[in-house]
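Please read the structure below before turning to the comments.
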Amino acid sequence: MIMRVQPIEKDEGVQGGLTFFQTLLETYHPRDCDIRFWDGSTWQAEKGSPARFTIVLNHPGALEKMFSSPVEVALGESYAHGDYAIEGDLEAAFRLGDHLIDHASNLMARLNLGLDLARLRRSEQACSRPRRLLSPVASHLTKHSHTRDRLAVAYHYNLSNDFFALWLDPRMVYSCAYFASPDQDLAAAQENKLDLICRKLQLQRSESFLDIGCGWGGLVIHAARNYQVRATGITLSEPQARLARERVREAGLSEDECQVRVLDYRKLEGEACYDKVASVGMVEHVGSDQLPRYFAHVFQLLKPGGVFLNHGINSTRYGEAAIRREFFDRYVFPDTEMSPLDVVLRNAEGAGFEIRQVESLRQHYVQTLRAWRQNLEKTAEQAETMVGEETFRIWRLYLAASAYSFTRGHHSVFQSLLIKRAAGPA
């Protein structure tokens, strides 16, 4: 059913757009969304399926933008530009996104739907392409080289400390929280997670503790204050390190008790230097082909009998989420790779580690991501002022897509507890 604000037959573009969606969604059930065209006319959700969200096409050129190739990137870019909007449950829209990505190319070829899109002329509202992920120089650098990794990390984490502070918890812990109950607030859940890591590592007074990829210092500060370890955090982000050092001083900790350095983990020298090591949300930046080197280097840094907690996002065997990784690789997390858990653990064992414990936090991450997006929406006006409309829309999309992905089991997050046995590798 379509509700007409004005006679649809007078707008050839709207009629073409309606035909396009009717064909594209003929096998999509339940069709639990409305589609509203630029003239205000609406194709309503199918009978018996109340609309969970509405796709709003803002101008006649929107469909051409949305369904250019590759579709998974085009859908994300056109949303970021405002060619279309999603009103209502943004996370629910990703089931439709999966369908569009999976079926658009075949249907367009079979039915020559490109002809329909050609009838939808570009409007003055159509936007130019967004910025690319890495600079032209960086794109020619070897993937996971020191320089390219530094630029990739800077692209994401140097966006703005103030921006991240808007929607993270007060400690600015940028990884999966651990909720004791569904109604626990984010700040308490993040404190739970920090303490969970410290307890799994069995941190003891005066032990040397290294946090690889320490972010804004939440874990090293917690470990130093509550477990009296000598904590060192390393990050590739200068703005992160500056704020982390401020927070160390505010916590009343000396540099001997807790320090934060800007350093690539591969440049961390020494052998048998640390009693305990944690890496939380950093292994995704390592690269699958670099995992042997990553685990071997941590193994070298640990004292015999030392413990390593590796916390990271992993891909699963259940496929990929809507607006697949290519869009987010380009505009949110450059050069990240989510390896399957078995690949990660095989490389850990190959370096000499003994696997003692593995815990999935997938359901906790769904709740974490939803809490982050709720905070972002509450501060939308401030966030958009800080980073601009396009970037804000990309992050809104990213957080919703991630929650959908973890809900569906496309990705998971695991904490793996690894031991460097005193007797050495088997």
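Given the options R110, R119, name the one that is under 17 Å from V71 (Cβ atoms), at pLDDT below 90 and either of a type in the set (K, R) or not assigned by TED's automatic domain parsing to the domain that holds Q44 (or both).
It is R110.
May I ask you to list the residues in region 352-378 that are small (G, A, S) and either crowded, with 21+ Cβ neighbours inside 10 Å or not assigned by TED's automatic domain parsing to the domain that holds S402 (or both)?
A371
Name the residues in region 328-362 that are touching a Phe, Trp or Tyr at 6+ places or on another chain (Cβ under 8 Å) and free of Cβ contacts under 8 Å to residues at least 24 places away in the same chain, would you?
Matches in region 328-362: none.
Exactly one of these conditions fails for P304: (1) in a strand (DSSP E or B); (2) surrounded by 14 or more Cβ atoms within 10 Å (Cβ to Cβ); (3) not polar (S, T, N, Q). Give me its number.
(2)
I'd like the full set of residues that are in a strand (DSSP E or B) and β-branched (V, I, T), limited to region 190-229.
Scanning region 190-229 gives a single hit, I212.
On the basis of being assigned by TED's automatic domain parsing to the domain that holds T232 and under 17 Å from the mean Cα position of the chain (by Cα), does Y178 make the cut?
no
So which residues in region 30-50 are closer than 19 Å to G97 by Cβ and assigned to a strand (DSSP E or B), if there are any at all?
If the condition is that a residue be closer than 19 Å to G97 by Cβ and assigned to a strand (DSSP E or B), then C33, D34, I35, R36, W43 are the ones that fit.
Among the residues of region 335-384, how many are within 18 Å of S315 (Cα to Cα), in a loop (DSSP other than H, G, I, E, B) and not charged (D, E, K, R)?
5
Quick check on V307: is it touching a helix residue (DSSP H, G or I) at 6+ places or on another chain (Cβ under 9 Å) and either more than 26 Å from A400 (Cβ to Cβ) or of a type in the set (S, T, Y) (or both)?
In short, yes.
Among the residues in region 41-52, are any at pLDDT 75 or above, within 30 Å of T368 (Cβ to Cβ), within 22 Å of the chain's Cα centre (by Cα) and of a type in the set (K, R)?
The answer is no, given that none of the residues of region 41-52 is at pLDDT 75 or above, within 30 Å of T368 (Cβ to Cβ), within 22 Å of the chain's Cα centre (by Cα) and of a type in the set (K, R).
I need a count of the residues in region 335-351 that are at pLDDT 95 or above, surrounded by 17 or more Cβ atoms within 10 Å (Cβ to Cβ) and small (G, A, S).
The number of residues fulfilling the criteria is 2.
Looking at region 390-399, can you tell me whether even one residue there is modelled with pLDDT of 95 or more, closer than 28 Å to Y178 by Cβ, out of contact with any Leu (no Cβ under 7 Å at 6 or more places or on another chain) and not in a helix (DSSP H, G or I)?
no
Pairs please, first residue from region 381-397 and under 16 Å from A85 (Cα atoms) and assigned by TED's automatic domain parsing to the domain that holds F163, second anywhere and among the aromatic types (F, W, Y) and assigned to a helix (DSSP H, G or I), Cβ atoms under 6 Å, 6+ apart in sequence or on different chains.
Sorted first by the residue in region 381-397, then by its partner, the pairs are E384/F392; I394/Y331; L397/Y79.
Which residues, counting only those in region 39-52, are crowded, with 19+ Cβ neighbours inside 10 Å and in contact with a helix residue (DSSP H, G or I) (Cβ under 7 Å, 6 or more places away or on another chain)?
Within region 39-52, S41, W43 qualify.
Which members of region 190-229 meet the condition of being in contact (Cβ under 8 Å) with a residue 40 or more places away in the chain and hydroxyl-bearing (S, T, Y)?
Selection gives S208 alone.
Test of understanding: among R317, R325, which residue is more than 25 Å from R396 (Cα to Cα) and at pLDDT below 85?
R317
Name the residue that is surrounded by the fewest Cβ atoms within 10 Å (Cβ to Cβ), counting only residues in region 265-293 that are touching a strand residue (DSSP E or B) at 6+ places or on another chain (Cβ under 8 Å) and among the charged types (D, E, K, R).
Filtering region 265-293 for residues that are touching a strand residue (DSSP E or B) at 6+ places or on another chain (Cβ under 8 Å) and among the charged types (D, E, K, R), the one surrounded by the fewest Cβ atoms within 10 Å (Cβ to Cβ) comes out as E284.
Name the single residue, out of those in region 179-213 being more than 17 Å from L302 (Cβ to Cβ) and hydrophobic (A, V, I, L, M, F, W, C), that is surrounded by the fewest Cβ atoms within 10 Å (Cβ to Cβ).
It comes out as A180.
Of the residues in region 379-426, how many are among the charged types (D, E, K, R) and crowded, with 23+ Cβ neighbours inside 10 Å?
Adding up the residues that qualify gives 1.
Report, by residue number, each residue of region 232-254 that is within 20 Å of G312 (Cβ to Cβ) and either of a type in the set (G, A, S) or surrounded by 24 or more Cβ atoms within 10 Å (Cβ to Cβ) (or both).
G233, T235, S237, Q240
The values are calculated or read from the model by the stated rules, or taken from the named source; none is laboratory data. For clarity, every value in this text was computed on a predicted model and none was experimentally measured. Here the Cβ is made from the backbone with ideal geometry for all residues, glycine too, and neighbour counts use every protein chain on show.
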